[in-house]
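Okay, so here's the structure we're looking at.
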Amino acid sequence: MFILLPFDSLVVNLLGISITVLFTLLLVFIIVPAIFGVSFGIRKVYMKTLLKIFQWATLRIERGAKEKNHLLYKPYVNGIIAKEPTSLEEEIKEIRRSGSGKALDTPEFELSDIFYFCRKGIETIMDDEVTKRFSAEELESWNLLSRTNYNFQYISLRLTVLWGLGVLIRYCFLLPLRIALAFTGISLLVTGTTVVGYLPNGRCKDFLSKHVHLMCYRICVRALTAIITYHDRENRPRNGGICVANHTSPIDVIVLASDGYYAMVGQIHGGLMGVIQRAMVKACPHVWFERSEVKDRHLVARRLTEHVQDKSKLPILIFPEGTCINNTSVMMFKKGSFEIGATVYPVAIKYDPQFGDAFWNSSKYGMVTYLLRMMTSWAIVCSVWYLPPMTRQPEEDAVQFANRVKSAIARQGGLVDLLWDGGLKREKVKDAFKEEQQKLYSKMIVGSHEDRSRS
């Protein structure tokens, strides 16, 4: 029989007390507040403390760079080429005037015209407004994460010690705590939704399902030390509508679902994600598609239409960009969710990169690596704006309506409004874009010739 020595017994007792205290603190300061949707303000104090440390570190870097005559990297915010909004016709007219001296009404092709397309091509390569939307946003100030600033180099012993202390805090304290919280939130979500799923349909089931979802998502938010500010909450999506938002990260879902109750739309997955999906759909009418059904646009549209026509069902949460963009812009919205005639509730999400980069570069990092980077960041800080509901006007088609909603989101979130398709992240430029430029040039030449013939 194994007998514990006095010292071993003391260690076991201390370990048991430590675990008990840890779980008590988690219960009192995280799980219980998550259930009731309240906060003690600890995360905001933590954020303000971090800001002061970042400011000191940035000033120390700048002073050290001056002492050693090092140039500091400054990210380009508005592009590297100054451009004025001019049309193809105006620019070619200027090239012809300065070159051959011929007027634009000359119907023949001029060799000098190719300089316009050469210059535009070089400008696009040098200042590509699409590709740079799929890389991490570079910071002007340092947040003690070596992965977020090109100015990371040895400056002083104090700064290096501070950085090392930050690594220990993030990996040895915050990471285990966050993993425990994430495990708790996911376990409660699967268990809670499974139990609620066995209840008969009715108000009791809906009430319990809503609060189980909110509680679990709020615990997951705390697992990322997410500090979220919600604006204009009177505009939150209502039943029978569609909530559309710009897409930066997979955690966008958690950010929105911790403040509202939504029906999710997506493809059925296997593994842990599949277990979560199957549990969730028992308690809430989420819209999941088989892999073979996702490409069937008509089937997807019919399922969504049936959902929104039932005004008792939850608002659908959709990210119409179809891919993650790096928190600087909004790219083309797919028109599918704007064709079904439902009320659209736009939502703008803007992350603060000072505390951690929320952008998921899926072509570079897998989901596990991405989540590890999130859980070893200082915090996830973001603002969410609920915009007034929008409906499709009689004279609008689905594309025009989608662009109007996208512009409103970009304007509210301080994001760049781009017309490009986010699918260019993995695909080549469609021939239609090339043909459009060819048609403009052809129309300019042929149109000038026709005008001249009439005169």
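Tabulated data for the structure shown
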item: Members of the range 399-413 that are crowded, with 17+ Cβ neighbours inside 10 Å and free of Cβ contacts under 8 Å to residues at least 24 places away in the same chain; result: 404
item: Tally of residues being hydrophobic (A, V, I, L, M, F, W, C) and farther than 13 Å from residue 304 by Cβ across the range 255-270; result: 4
item: Complete set of residues in the range 204-258 that are of a type in the set (A, V, I, L, M, F, W, C) and open to solvent by 20 Å² or more (accessible area, probe 1.4 Å); result: 204, 207, 208, 212, 215, 220, 228, 253, 254
item: Flag if residue 194 is in a helix (DSSP H, G or I), open to solvent by 20 Å² or more (accessible area, probe 1.4 Å) and of a type in the set (Ser, Thr, Tyr); result: yes
item: The range 280-294, subset closer than 20 Å to residue 211 by Cα and outside any helix (DSSP H, G or I), residue most open to solvent (accessible area, probe 1.4 Å); result: 285
item: Flag if residue 416 is touching a Ser or Thr at 6+ places or on another chain (Cβ under 6 Å), open to solvent by 40 Å² or more (accessible area, probe 1.4 Å), more than 26 Å from residue 50 (Cβ to Cβ) and at pLDDT below 90; result: yes
item: The range 382-398, subset touching a Lys or Arg at 6+ places or on another chain (Cβ under 9 Å), among the hydrophobic types (A, V, I, L, M, F, W, C) and at pLDDT 90 or above, residue most open to solvent (accessible area, probe 1.4 Å); result: 385
item: Sole residue being out of contact with any Asp or Glu (no Cβ under 6 Å at 6 or more places or on another chain), hydroxyl-bearing (Ser, Thr, Tyr) and open to solvent by less than 10 Å² (accessible area, probe 1.4 Å), chosen from 363, 377; result: 377
item: Conditions (1) free of Cβ contacts under 8 Å to residues at least 40 places away in the same chain; (2) in contact with a Leu (Cβ under 8 Å, 6 or more places away or on another chain); number of the one not met by residue 395; result: (2)
item: Residues (farther than 21 Å from residue 378 by Cβ and open to solvent by less than 50 Å² (accessible area, probe 1.4 Å)) located in the range 20-51; result: 31, 37
item: Checking residue 314 against (1) in contact (Cβ under 8 Å) with a residue 60 or more places away in the chain; (2) surrounded by fewer than 21 Cβ atoms within 10 Å (Cβ to Cβ), the condition it does not meet; result: (2)
item: Some residue of the range 352-364 being outside any loop (DSSP other than H, G, I, E, B) and not charged (D, E, K, R); result: no
item: Enumeration of residues in the range 182-200 that are farther than 10 Å from residue 216 by Cα and either within 23 Å of the chain's Cα centre (by Cα) or of a type in the set (A, V, I, L, M, F, W, C) (or both); result: 183, 195, 196, 199
item: Flag for residue 17 being out of contact with any His (no Cβ under 6 Å at 6 or more places or on another chain), open to solvent by 80 Å² or more (accessible area, probe 1.4 Å) and modelled with pLDDT of 75 or more; result: yes
item: Selection count where residues are touching a helix residue (DSSP H, G or I) at 6+ places or on another chain (Cβ under 8 Å), assigned to a loop (DSSP other than H, G, I, E, B) and at pLDDT below 55, scope the range 146-165; result: 2
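The rows are residues; the columns are (1) aromatic (Phe, Trp, Tyr); (2) part of a strand (DSSP E or B); (3) without any contact (Cβ under 8 Å) to a residue 24 or more places away in the chain; (4) more than 30 Å from residue 41 (Cα to Cα).
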position: 207; (1), (2), (3), (4): yes, no, yes, no
position: 213; (1), (2), (3), (4): no, no, no, no
position: 220; (1), (2), (3), (4): no, no, no, no
position: 234; (1), (2), (3), (4): no, no, no, no
position: 249; (1), (2), (3), (4): no, no, no, no
position: 260; (1), (2), (3), (4): no, no, no, no
position: 278; (1), (2), (3), (4): no, no, yes, yes
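The values are calculated or read from the model by the stated rules, or taken from the named source; none is laboratory data. These numbers were taken from a predicted model, which means no experiment stands behind them. Here the Cβ is made from the backbone with ideal geometry for all residues, glycine too, and neighbour counts use every protein chain on show. The area values use the complete protein model at the heavy-atom level, side chains included, leaving out ligands, DNA and RNA. Shrake-Rupley method; radii C 1.70, N 1.55, O 1.52, S 1.80 Å.
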